[in-house]
Amino acid sequence: MLRAHILSIVLFTPLVGAFLLLLVPKENKNAIRWLANIFALAGFLVSLPLVPWFWAVKNEATPYFKFAEGSANNWIPSIGAGYQLGIDGISFLLIMLTTLLGAISILSSWTAIENRVKEYYAWFLVLQTGMLGVFMANDFFLFFVFWEAMLVPMYLLIGIWGGPRKLYAAIKFFLYTLAGSVLMLLGILFLYFHHHTLTGVYTFSLEALYATAPLITGKAAILLFFAFFIGFAIKVPMFPFHTWLPDAHVEAPTAGSVILAGVLLKMGTYGLLRFSLPFFPAVANIHWVQLLIITLSLIGILYGALVSLVQKDMKKLVAYSSVSHLGFCTLGIFVYSSMGIAGSVIQQINHGISTGALFLIVGILYERRHTRDISEYGGISTVMPVYATITLIMFMSSMGLPLLNGFVGEMPIMMATFMVNKAWAIWAVPGVVLAAAYLLWLYQRVFFGNVTNPKNEKLLDLNARELATFVPLLVLALVIGVYPQPLFKILDQPVNHLAGIVEQHRPGYVAPVVNAQETEPAKEAVPEVKAPEVKPTEKPVEKKAVEPVKTAGQTPAFHTSAHKS
Amino acid sequence: MITIGNLFSRSDYVLAGPMLVLAAFAIAILIVDLFLPKAMKRWNAVLALAGLVAAGFALAKVWATVHYIETPGSKKFSGFLGSLAMDRFAIYFSLLFLVGAAVAILMSVRYMEIENEEHGEYYALILFAVIGMICMAAGFDLILLFVGLELMALSTYVLVGFLRRDRRSNEAALKYLLLGAFSSGIFAYGLSLFYGLTGSTNLAEIADKLAQRMADNPRYPIALMALITTATGLLFKIAAVPFHQWAPDAYEGAPTAVTGFMSVAVKAAGWAMLLRIFLFMLWPMRAQYTPMLIFVAVATMIGGNFAALTQTNVKRLLAYSSIAHVGYMLLGLVASDGKNNSTGIKGILVYLLVYTFMNLGAFAVITSLRRRDIIGDELDDLGGLFYKAPSEAILLLIFLLSLAGIPPLAGFWGKYYIFLSLMETGHYALAVTAVAFSVLGLYYYLRIANAAFMRESVDAEPVKIAPSLAAALWVSAAATVGIGMFPEVFLRMVNWSLALTGDAKIIGLLR
C-alpha cells in the first residue's frame, strides 16, 4: 500500500503542510516555522524509502517507469489526460535532490523571513509539490499543469519577499518561462493529434506518445523539436535565453535562490532528457541541430564564466556561474553518448548541491550585513572560521576539484565530448579554468587578508541551525566525490536507453545483428537496450514505413481508449 | 394551419417557463419596492435571487421536458410556432445567465447601498435583462432574437447609467445607448435583407434558402451585404475590434457590479445569439464569413491586448482584457469552418462558462474596494491589498491567473480548447499568434497582481466585505478552482449542451 503510492505521498506531503499552515494564526510565527520545517523534513523523510526500493528495481527492464501510479485517462477522460506518475533513474535522483533542498531551504529561512511568514512557508511548500510533480508526471498533460502551476509560487516568492527590484524580476521570470511553455503546449497538442491520427486514440500518456512521436518526420519534426527546445532552453537557461536568471536570482530571497538554482533549472534539462531526445531522436541527430545546441552550450559555459569573473555582487556571481555550469549539462546531453548523459545528470545533481550551498553561503553573509557587495568584505575567515572552511569546501566542489562531487559530473562530460569532437572539448576547458578563477578570486577577496571593514569585526560564526543546513550538503559533496558509483548504477538504465534511442535514429545506423554471417540484418535484431516503448527498427529509413496500426498493437496497455468528444 | 389550439399549447408555456417566472418576479419587485421602507430594500435583492432560483427550477422543468421529447429529428422542443427553441444549447446558456445574474446580484447589495442608490428597479432590470438574454439564446426566429436583444440592451443601458449622480456613469450610459442603438439599426438592416432574400424569419428556413443561393452564386452581393451588416451588429454586442470602442467607457462608468454583469452575462448572451445566427442561419455562408472572422479575431486580440497593457484603471483594464478574450473565442468559431469539427464551438462554450466565474470574481474584488470616498478601481487603490486583506488578495490572484490561462485554473480550459481546435484544424499560424498574445495578456494581469501583492498599501483602512459579496467571491473562487482541477463533469455538460456524443459533427447540431 505504502509502496504502491509512495510517489503520491512524496508529492502531496508538502501540499498538506501548506494547507495546515493556513490554519495556524499568523501572529504565532514560531509555530508556523516549526510546522513548515516539520513538513519540509517530513517531505524529505517520506522520500527516503525510495532509495532502497528504487535501488532494488533500478535495472528491471519493464516497466521502464518504476513505482507507476494511476492510469492513462483517469483524470479527465474527455480529453485523455490522466493522473499518471512514475520515475526512472533520472527523475529519482532529481526527486531526492528536490526533497532534500526543499527541507534545507525552508530551514535556512528561519530568521531571514520576518514578515508574512505564514504565506511564505505556504507558498514554498506549494512550490515544492509543483516541482516534484514535474519530475514525477508520466502524463504530458499532468506534466504541463505542474510545469506552469509551479511558476506561480516562485513568482510570488520573488515578488513579495525579494530584493529592491523584485517587481521587475518577478514579472520577467514569469513571462519568460510562460512564453516558452505556451509554445510547448502547442507542441504537445500536435503530438496528441498525431497520436490520434495514427492510432485513433486521444491520450496524453507519455508511454503512448513515445511510440508515435518519433514517427513524425520532415519539417514538422524540426519545428516541434524547437517548440519544445525553446521552452526547456529558457528554463535551463541556455545562452540567448538566460537573461531572466540573474535578475530572478539576485532579487529572490536566499531560499528562493537555492530552489531556483538547485531544482528549477534542472526542470529544463530534465525536459530535454525526458521529452526532446526520445520524442525527436531523428531531429536531434541532424548535424546542424546538434551543432547549434552544442555551440549555445559552449557559449553559455564561457560567457557565464567570464561574466561571473567581473561581478561585484556575490549573488550575481553565483547566478552567472549557474549559466556556465548548466552549459556543461546541456553539452553532456547533446553529445548523445551514455557517458555524456550520465555525466550531465550527475552534474545537475552536483550543481544543485554545490550551487545551492553557495547561495546559502551568500545568504548567511547577507543576513548579517545586508549587503552582497564583495568590496564590503575581506578577512572574514578570521571572524567566522567554521563558515570559511565550509565555504572553501563548497567552492572546491563547485569548481570541480577531484574527490569532491563537482569533478564526478564534469569529468564524464568532458570525456564524452572529447570522444565525439575534440574541438568542442577544448572550447569547454576554459570554462573549468575560469570557474576556478572566479571562485578562488571571490574567496580571496572575501575571506583572506585582514578585516578591513570595521562592520565585519563582530560577525558571528554559524549557529547550529545554519550548520545543519550545510552538513547534509557537505556530506553529500564528499560522498559523491569519493564514491560516485551508485549514481552511475542508478543512471545506467535510463542513459543507455536514451543514448540507444538517439543512436537508432542516426543516419546510417545498422542494428546489431544476431548472426554476423548474414549480410542482411536479421529480422529479430534487437537493439542493445531493450526499450519498452521504442519499436526495434532495423534501419532508420524504415521507420517511415512502419505501419501506424502496427505501432498501435505494439504498445498495448497504455491505449485504453480516451474518448474525446 | 394556425389555430387557437396550437397558438396556446401547454408545452409552449413550459418552454417559456423560465422567462415567465422571471417576468413575474421582476414585476413583483417593482410593486413590492413601493411599499418597502428604505432600511428593508435588501429584500428586493432577496426577491430577485428567489426569482432566479425559481427560474432555475422552471429551467429544470424545461430540461426534463426536452429530455423526454427529444428524439433524433424531433423539433418538438421548439415552441411558439418554431420561434422559440429551448434546446440543450439554450438551456446551457440560460443556466449561465442565471448564475451570472445571481452572482452579480450578490455583488450589488452592499455596493448599491454605499452608492445610496438602492432601488428595486435595479434588480428588476437585471431580471428583465436575463429574460432578453434567454430569448437571445433560445430564439429561433429573427424577430424573437431581435426583441430579446433589445430587451436586454435597453435594460443594460439603464443599469449602466444607474448612478445618476455620477457623471462617469451618465456619460457611459449615453455612449453605450447611442452606439448600441446605432449597431442595433445596422443589425436590423441586415436581418431585413435576409428576410428579403429568403422570405422567412425562421433560422432554419433562411439557412435552407441561403444554401440554394450560395450554391448558385457564392458571391451574391446582397447576401454578402446582409452578412456584413448582421455580423457588424453581432460583433458590436460582443465588443470585437473594430466595434469595441463602447466597451471600455461603458465598463468604466457603470457601477462595478453592473460591469461584472455586463462582462459575463451580457457578453455570453451576445455570444449565444452570434452562435445561433452563425451556426444555424449563416452556416451555408461559412466560406464567406470565415476570412472575415479571422481578420476580426486577430484584430481583436491585437487591439484588446495592446490597449490593456497601459491602462491604470482596473475596470478599464479588465474591459480591454475582455475584448482580448473575445478575440480568442472568435478563433474557436474560425476553427469550426466546416471540417466537421466541433471542438472550437465547444471551446467557446467552455470559455464562456469559466469566464463567467473568473471575471465576476475579479469584479467582485474590485467591488469590495468601493468605500465612501474611493471608487477603488484605480490600480493604486489595490496597493497592499495583500497586507490588508490577504484572503481577498489571494482570491484576486486566482481570478487573474485564471484569466491569464494558467493551469490548473478554470481559465486554462477555455484557452486550451481554443488552441486545441486550432491545432486540430491545422490553423498553426493562428495558434501561435494566440499563444503569443496570451503571454502578453499575463503581463497586464500581473500588473494588477503586483499592485495587490508587492506594493505598499496607500492607507491602513481595513477592507470590509459584506456577507453577500463574500458569498459571490467564494462561489466564483470555488468554481474557478473546481472547474480547473476537475473539469470532466463540466466538459461533459458542454458536450451535452451541444448534443455531442463521441465525435459527433457540428452539422448534427444544426438540425
**Asked** Out of all the residues in region B:448-472, which are part of a loop (DSSP other than H, G, I, E, B) and either buried (at least 24 other Cβ atoms within 10 Å of the Cβ) or within 14 Å of another protein chain (Cβ to nearest Cβ) (or both)?
**Response** B:R455, B:E456, B:S457
**Item:** Candidate set: region A:169-215, residues that are outside any helix (DSSP H, G or I) and not β-branched (V, I, T); chosen: the one surrounded by the fewest Cβ atoms within 10 Å (Cβ to Cβ)
**Value:** A:G200
**Request:** Answer yes or no as to whether B:I418 is at pLDDT 90 or above and not small (G, A, S).
**Result:** yes
**Request:** Being more than 9 Å from chain A (Cβ to nearest Cβ), farther than 17 Å from B:V354 by Cα and not aliphatic (A, V, I, L, M) is the filter; apply it to region B:411-440 and report the residue that is surrounded by the most Cβ atoms within 10 Å (Cβ to Cβ).
**Result:** B:S421
**Request:** Restrict the check to region B:337-350 and report whether at least one residue is away from every other protein chain (no Cβ under 14 Å) and either buried (at least 24 other Cβ atoms within 10 Å of the Cβ) or within 22 Å of the chain's Cα centre (by Cα) (or both).
**Result:** yes
**Message:** Can you go through A:R372, A:R368 and tell me which one is touching a strand residue (DSSP E or B) at 6+ places or on another chain (Cβ under 7 Å) and either at pLDDT below 90 or at positive phi (or both)?
**Reply:** A:R372
**Asked** When you look at A:L306, is it more than 18 Å from the chain's Cα centre (by Cα) and modelled with pLDDT of 90 or more, yes or no?
**Response** yes
**Asked** Only one residue in B:G79, B:G132, B:G148 is more than 18 Å from B:F363 (Cβ to Cβ) and more than 23 Å from the chain's Cα centre (by Cα). Which one?
**Response** B:G79
**Message:** Quick check on region B:270-293. Is at least one of its residues within 20 Å of the chain's Cα centre (by Cα), surrounded by 24 or more Cβ atoms within 10 Å (Cβ to Cβ), within 30 Å of B:A308 (Cβ to Cβ) and basic (K, R)?
**Reply:** no
**Request:** Test B:F357 against the criterion of being crowded, with 24+ Cβ neighbours inside 10 Å, modelled with pLDDT of 90 or more, assigned to a helix (DSSP H, G or I) and more than 11 Å from chain A (Cβ to nearest Cβ), and give yes or no.
**Result:** yes
**Prompt:** How many residues does region B:390-410 contain that are farther than 17 Å from A:L186 by Cα, facing chain A (nearest Cβ under 8 Å) and buried (at least 24 other Cβ atoms within 10 Å of the Cβ)?
**Reply:** 1
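Rundown of residues vs (1) under 30 Å from B:E115 (Cα atoms); (2) of a type in the set (S, T, N, Q); (3) within 19 Å of the chain's Cα centre (by Cα); (4) not in a loop (DSSP other than H, G, I, E, B), yes/no style:
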position	(1), (2), (3), (4)
B:F162	yes, no, no, no
B:R168	yes, no, no, yes
B:Y176	yes, no, yes, yes
B:S200	no, yes, no, no
B:Q212	no, yes, no, yes
**Counted residues, region A:20-54 - those being closer than 18 Å to A:T99 by Cα and surrounded by fewer than 19 Cβ atoms within 10 Å (Cβ to Cβ)** = 12
**Prompt:** Taking the stated definitions as given, is B:V475 crowded, with 20+ Cβ neighbours inside 10 Å and more than 21 Å from B:T343 (Cα to Cα)?
**Reply:** no
**Complete:** Taking region A:123-140 and the residues there that are crowded, with 24+ Cβ neighbours inside 10 Å and out of contact with any Pro (no Cβ under 8 Å at 6 or more places or on another chain), the one that is nearest to A:G256 (Cα to Cα) would be A:M131
**Item:** Meets criteria (over 25 Å from A:N453 (Cβ atoms) and surrounded by fewer than 24 Cβ atoms within 10 Å (Cβ to Cβ)) for A:M384
**Value:** no
**Message:** Can you go through B:D381, B:D373, B:D337, B:D377 and tell me which one is in contact with a strand residue (DSSP E or B) (Cβ under 6 Å, 6 or more places away or on another chain) and at pLDDT below 85?
**Reply:** B:D377
**Prompt:** Do we have any residue at all in region A:72-91 that's part of a strand (DSSP E or B), touching an Asp or Glu at 6+ places or on another chain (Cβ under 6 Å) and either under 30 Å from A:I480 (Cα atoms) or of a type in the set (S, T, N, Q) (or both)?
**Reply:** yes
**Asked** Looking at A:V433, A:V446, which one is of a type in the set (A, V, I, L, M) and over 25 Å from the mean Cα position of the chain (by Cα)?
**Response** A:V446
**Prompt:** When residues of region B:187-205 are filtered for being surrounded by fewer than 19 Cβ atoms within 10 Å (Cβ to Cβ) and under 30 Å from B:E121 (Cα atoms), how many remain?
**Reply:** 1
**Message:** Of everything in region A:387-415, what is in a loop (DSSP other than H, G, I, E, B) and surrounded by 20 or more Cβ atoms within 10 Å (Cβ to Cβ)? Give them in sequence order.
**Reply:** A:G400, A:L404
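The values are calculated or read from the model by the stated rules, or taken from the named source; none is laboratory data. Since the structure is predicted, the reported quantities are computational estimates derived from the model, not experimental observations. Virtual Cβ from ideal backbone geometry, glycine too; neighbours counted across all protein chains shown.
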